[in-house]
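This report refers to the structure that appears directly beneath it.
The values are calculated or read from the model by the stated rules, or taken from the named source; none is laboratory data. Note that the coordinates shown come from a computational prediction; the quantities given were computed from them, not determined experimentally. We place every Cβ from the backbone using ideal geometry, glycine too, and count neighbours over all the protein chains shown.
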Amino acid sequence: MKYTVKIDISLKPGHNNPEGEATTRMLKELNYPVEQIAVHKIYVITFQASSQAEAKLKADEMCTRLLTNPVRDNYTISVVEQ
Amino acid sequence: MKTQDIKVCIMRAGGTNCDFETARAFRILGAQTEIKHVNELVKNNSLMDYNIIVLSGGSSFGDYVRAGAIFARTLNAKLGKQMKQFIDENRPLLGICNGFQILVEYGLLPGFEGPSQQPEAALTTNIPQGFKCQWIYLKNENKGKCLFTNQIPQNKILHLPIAHSEGRLLFSKEKEKQTLQKLIDNDMIVFRYCNEDGTTTDPNGTYHNIAGICNKEGTIFGLMPHPERAIYFWQEPTWTQKQQHTSPYSDGKLIFENILNSIAKKQ
Amino acid sequence: MPSNLYIQRTSVDNVIEVAIAKATDTELVEISSELALGLSFDEMKIIQTYFKRVNQNPSDVELQIISQTWSEHCCHKTFKSKIIFNDKEINGLFKTYISNATKEISAPWCFNVFEDNAGIVKFDKGYGIAVKVETHNRPTAIEPFGGAATGIGGVVRDILGVWADPIACTDVLGVGPLDFDYHKLPIGVKHPKYIYQNVAAGISFYSNNLGIPTVNGAIFFDESYIGNVTAYCGCIGILPLNKYAKNAKPGDYFVMAGGKTGRDGIQGVIFASAELTKKSDNDVSRPAVQIADPITEEKLKRATLIIRDRQLASATTDLGGGGLSSGVGETAERYGCGATVELSKVPLKYPSLLPWEIYISESQERQLFVIPPENLETVLTIFEQEEVEATPIGQLTKERRLKLTYKNTPVADLDMTFIFDIPTSTKQATLNNSTNVEPNFAEPANLTQPLMHLLAMPNIASKENIVRTYDHEVKGNTVLKPFQGKYAGPNDAAVLKPLDNSWKGLTISCGMNPTYGKIDPYWMAASAIDEAIRNNIAVGGRRIALLDNFTWGNPEKSERLGSLVRACQACYDISKAYKTPFISGKDSLYNESILGPVTPTLLITAIGIVPDIRSVVSMELKNSGNLLYILGTTYPELGGSEYYKLNGYLGASVPKLHASKARKNYYNLTKAIGSGMVKSCHDLSEGGLAVAAAEMAFASNIGLTFDLKAVPNKAVARNDFLLFSESNSRLLIEVHPKDQHDFEALMKNSCALIGETTKTEKLQIHGINNKLIIDASLSELRTAWKKTLNTEVP
């Protein structure tokens, strides 16, 4: 069956967040009272799997093998059946 | 082994772009130098023909996912076995800029317990954010472990350029202190950023001002600055200010010379 | 709407034809507008006559081919058309003023000019240098990141199009003031700060990822650029001249390589030539810009150079404006051939593209190669190794017809001579009398303050934070960088050492004085040429070639055309006087927005050589105790100057040029540099003498003291005017005292000794009244210069 998973990658707490900070500054300059910005990266991936559980497992593998660096990234996976 | 018998491979993939000047650095010192696409090394199964592998600068695979990540996985998938043999035989591996990012993503640096399954460090977005092309100073803090710097006097200051947007070395926050201690204990720190007078400084927000590290064996070395752009005196931004040029060369040459000497001596 | 004239073709289901023969005059105009052909009534009439004669209905593919081939962007109609100016007929601006100058100068080192994708001059050891500068205004205004990136992509492919390896990029940007009030921006116009930051990010993204150093450029701020962003992207390449393969013949294959084809930039060509109206909002215009992919271009570059070195191709050209239509058509025309193309073979990003869309798509990172049949297989293998998609799509033919098929069914069949018989028109040009007046204000008592303010003016202030986001070191051949010396002063020109086995260097500089264009287009153009050349001379450059890039308003308006004529006349006059030929150029006209026309802007790029890079001269002072000379004469010429602007004026006394005198001076200075007598040298431009002196001093933190009484001038009776006049052809020169005699003998009184370098870390200037009129610490001057723009960017 075809599954679509959504992988949401964010910065682990404690690390500096230069991209978010730079964007915050710019939005403040445009007069928005922004306090904090977290920049996430989202991959939406469609592939074949036999079950939702397998789809999730595969997605988790993708994260550990390529999509994330454990030193820096947190991630969550959500599965949407197709 | 004579220098002219040493075979250097500058490995490239789509988006690699400092290969010519890196090859030039080895070539003018007398080594045999070839620029090879990964696909060619796979096709000819020829990785083990070389004495040094160099991953040069650039933006391999567009720096997509994370800088160096895709090249590292490609290398592992297509040439993993040969890479392992190359490393197990303690043949030297150099990563400059994007090459350093690849080595970190591959799990080869720091590689406390040998190559790791997952990266144990990250080279990530500069602080302040953005690409920066600038000449900086580095202090050689290695006590002699690193095969690429062990003939350069300890605490010697080198003048080299950086040109990157993701050069901030990072370790797991919760293990930061222990990691640093391990790096120090194993003599794995090679270069730290400094000012002309040797006081530490930090052009990109990197942890502990680290600009380059090696593995425990001293055979794998990665650094963000570009020694291949500091081979000749006329590449320095201040060369026009000097009255006399005592040497036709510049500081970057020391690193290439050092590794060729290390190999020549060893074998 | 003449919908009854559109007929679905029966032979192929995605082509329509137009019953043009029975169209009325009104309907002809409607057809042009409905199919977005951008053709005038006269041109439609010519097309109607042709198809009546051949007794056929044109297909939409055929009409689009004609529209592309005849567009301003592809054939530069305005520069080719006849112009009536001052009751005299000019037979084409390009021919009369640009290419004629080059022809008359007849420099033996010009290898190939105006013919190909880029101009080529001879260099050393059998190598040539190829240079091209493109305008990329509209896409940059709509989407600055993508526009800037694809601008570089395009000009780099122009360089690949002459078989050269790209070795450096240049970038010049004109934007509105960064502090412009957000509330005053018209809908659809992006804020200058947004443009500024995103253009820089786009340049950095594309050229850094391609691994080409960005070594020279400029950023200029002017209110007229708010609605008319001005962006120039240049590229310099090197090629072994014996591998410059341009010998295509019938039977050779067209191979398309690189990125896939999508609906990108469709009608981008016409868009580049049509006046920017408020219709150019995001919805209408966004397809003109696309996501840039530097890595595909990098791979394309590798493959191109391998094919060149193994001499496997007979020609190549980039696929830019006009897409395949321009690439195939112009190649066939150049070699006196016809062509066949099977459109269904073109690799697509997504299905459902119509045949005419495939043919004129401007998708990026695509290059066209012409390959003799015997080499086809080898070439395709090379592309495969480099992971570049490549497909044979057609052939050159002996028969002078352009025949396109889609799935083997004919969709276009046109006579080549008809397509390339481009109609020209006669245009009227007039020149308005200038109404500008000279201001009248008192000389300030304190002159240190205005100097500090000038150093902080956006057009003078350091752009270091932006420039350092461009890699100017990659390839390891940059000898003089954008910033030189320990304290990073602004160099006049970049110097490259492109060959490992030669000390010969390449000098790259630019000149642009848009503010003068508000007063007098002739002297604006003359000043831009002089500035580019004197920047080049300052580092030791010689044998200089020029490139012209015009950004102008709508040439259908006679006074805009008149000012263009005057600028072109200056190009001819000064090019001839300096014996510096034009080798390439590009124009962007119709730059008008609801905020008004663009300030007439001519960018001049100058490419020179130095016999030995070890003898180049940089701008930072070298030692205390040396002598300071000024070359050239200072006139009371402050019209359009930064000093007048600082005081709220434009003025009228625009700097003029005394080219024959200047040429002699430059010649002598080059000799002095060649013999090693010049320790540092810096060009006097925006902000004049005081700003140039400050820059030289704070770049190396060596003090400077001089006396305005010693400055050669014509009727300049005020300290501030001597300090800040922007008269052309002037340079500051540092000389060691031991060389005083030889230097003065060589310069034959054209140079005046005005002061000396000191250990004080101060800039001290004595006025005509003998008083110390400027006394400033170098660190304060440096801070003033650096702070304005370097805090603007995060």
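Here's a check for you: in the stretch C:371-384, which residue that is loosely packed, with under 15 Cβ neighbours inside 10 Å and polar (S, T, N, Q) is farthest from B:Gly15 (Cα to Cα)?
It comes out as C:Thr378.
Restricting to the stretch C:576-591, what's the tally of residues that are assigned to a loop (DSSP other than H, G, I, E, B) and buried (at least 22 other Cβ atoms within 10 Å of the Cβ)?
5
To keep it simple, each residue is scored yes or no on (1) buried (at least 18 other Cβ atoms within 10 Å of the Cβ); (2) in contact with a strand residue (DSSP E or B) (Cβ under 7 Å, 6 or more places away or on another chain).
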| site | (1), (2) |
| --- | --- |
| C:His741 | no, no |
| C:Ser750 | yes, yes |
| C:Leu753 | no, yes |
| C:Thr757 | yes, yes |
| C:Ile765 | yes, yes |
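Against the conditions (1) in contact (Cβ under 8 Å) with a residue 12 or more places away in the chain; (2) outside any strand (DSSP E or B), where does C:Tyr667 fall short? Just the number, please.
So C:Tyr667 meets the others, but not (1).
What's the number of the only condition in (1) under 20 Å from B:Glu228 (Cα atoms); (2) in a strand (DSSP E or B); (3) not polar (S, T, N, Q) that B:Leu123 fails to meet?
Against the list (1) under 20 Å from B:Glu228 (Cα atoms); (2) in a strand (DSSP E or B); (3) not polar (S, T, N, Q), B:Leu123 comes up short only on (1).
Just one of the numbered conditions (1) under 15 Å from the mean Cα position of the chain (by Cα); (2) touching a residue at least 12 places away in the same chain (Cβ under 8 Å); (3) within 23 Å of B:Glu176 (Cα to Cα) is not true of A:Glu21; which one?
Only one criterion is unmet by A:Glu21, namely (1).
Would you confirm whether or not the stretch B:194-206 contains a residue that is surrounded by 24 or more Cβ atoms within 10 Å (Cβ to Cβ) and either part of a helix (DSSP H, G or I) or within 14 Å of chain A (Cβ to nearest Cβ) (or both)?
Yes.
Would a scan of the stretch B:124-135 turn up a residue that is away from chain A (no Cβ under 14 Å) and in contact (Cβ under 8 Å) with a residue 40 or more places away in the chain?
Yes, because at least one residue in the stretch B:124-135 is away from chain A (no Cβ under 14 Å) and in contact (Cβ under 8 Å) with a residue 40 or more places away in the chain.
Restricting to the stretch C:629-646, what's the tally of residues that are touching a strand residue (DSSP E or B) at 6+ places or on another chain (Cβ under 8 Å) and outside any loop (DSSP other than H, G, I, E, B)?
The qualifying residues number 4.
Whether any residue in the stretch C:162-178 is of a type in the set (D, E, K, R) and modelled with pLDDT of 95 or more is what I want to check.
Yes, the conditions are met somewhere in the stretch C:162-178.
Looking at the structure I just gave you, is B:Phe191 within 18 Å of the chain's Cα centre (by Cα), of a type in the set (Phe, Trp, Tyr) and in a strand (DSSP E or B)?
Against the criterion (within 18 Å of the chain's Cα centre (by Cα), of a type in the set (Phe, Trp, Tyr) and in a strand (DSSP E or B)), B:Phe191 qualifies.
If we scan the stretch B:194-209, do we find a residue that is among the aromatic types (Phe, Trp, Tyr) and touching a residue at least 40 places away in the same chain (Cβ under 8 Å)?
no
Among what's in the stretch B:219-239 and is crowded, with 24+ Cβ neighbours inside 10 Å and part of a helix (DSSP H, G or I), pick the residue that is farthest from the other protein chains (Cβ to nearest Cβ).
B:Pro227
Suppose we filter the stretch C:211-235 for residues that are surrounded by fewer than 24 Cβ atoms within 10 Å (Cβ to Cβ) and among the aliphatic types (A, V, I, L, M); how many remain?
Final tally of qualifying residues: 2.
Among helices (runs of 4 or more DSSP H) lying entirely in the stretch B:1-113, which contain 2 or more residues that are of a type outside the set (Asp, Glu), more than 13 Å from the chain's Cα centre (by Cα) and crowded, with 17+ Cβ neighbours inside 10 Å?
B:19-28, B:38-44, B:69-88
Would you point out which residue out of C:Lys481, C:Lys486 is over 30 Å from C:Glu72 (Cβ atoms), surrounded by fewer than 18 Cβ atoms within 10 Å (Cβ to Cβ), facing another protein chain (nearest Cβ under 9 Å) and not acidic (Asp, Glu)?
Criteria check complete, one pass: C:Lys486.
Where residues in the stretch C:600-643 are of a type in the set (S, T, N, Q) and in contact with an Asp or Glu (Cβ under 6 Å, 6 or more places away or on another chain), which of them is farthest from C:Val121 (Cα to Cα)?
The extreme case among them is C:Asn626.
Could you tell me which residue of the stretch C:124-166 is nearest to the chain's Cα centre (by Cα), considering only residues that are under 30 Å from C:Ala461 (Cβ atoms), crowded, with 24+ Cβ neighbours inside 10 Å and of a type in the set (A, V, I, L, M)?
Out of the qualifying residues, it is C:Val133.
Can you tell me which of C:Ser641, C:Ser618, C:Ser588, C:Ser593 is within 14 Å of chain B (Cβ to nearest Cβ) and under 26 Å from the mean Cα position of the chain (by Cα)?
C:Ser618
Just checking, how many residues over the stretch B:136-175 are outside any strand (DSSP E or B), surrounded by 17 or more Cβ atoms within 10 Å (Cβ to Cβ) and more than 7 Å from every other protein chain (Cβ to nearest Cβ)?
Summing the residues that are outside any strand (DSSP E or B), surrounded by 17 or more Cβ atoms within 10 Å (Cβ to Cβ) and more than 7 Å from every other protein chain (Cβ to nearest Cβ) in the stretch B:136-175 gives 12.
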